[in-house]
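Reviewing the structure listed below.
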Amino acid sequence: MPVTALEPGVPVRLLHDRVLVRLTPGEGERRTGAGIVIPATAAVGKRLVWGTVAAVGPNARAIEAGDSVLYDPEDKPEVELHGATYVMLRERDVSALAAARVADSATGLYL
């Protein structure tokens, strides 16, 4: 019987430049800077979202586990591992990186 990655206790290793991002639960309604409440059911244009990196492949150069990343959630494959839902990205799919180690002089890691 083959072992699957979904069995508890079986390690999972990402390959190449893959990034596994933990989905942030939706906040429901949002509030703008001016105090206007936007309900969760309101249609919003294309919007990038922040997520927390759970794991990275060996060829990811700028991203480490624990970093916050900004990415486009449209058409990204989701995977469920050990009861949690994640998004699988390539490093090039990440638009921005937020981490304490990122310096102001670093290029390409800020908006």
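Between Ala62 and Ala34, the C-beta separation translates, for a Förster distance of 35 Å, into a calculated FRET efficiency of about 0.50.
With R₀ fixed at 25 Å, the C-beta to C-beta distance from Leu48 to Leu15 puts the FRET efficiency at about 0.50.
Spin-label pair Ala84-Asp72: with each label point 7 Å from Cα along the Cα-Cβ axis, the two points sit 2.7 nm from one another.
All of the numbers you see were taken from the coordinates with simple rules; none came from a lab. Small disclaimer: the values here were computed from a predicted structure and weren't measured. Cβ sites come from the backbone with ideal geometry, for glycine too, and all protein chains shown count toward neighbours.
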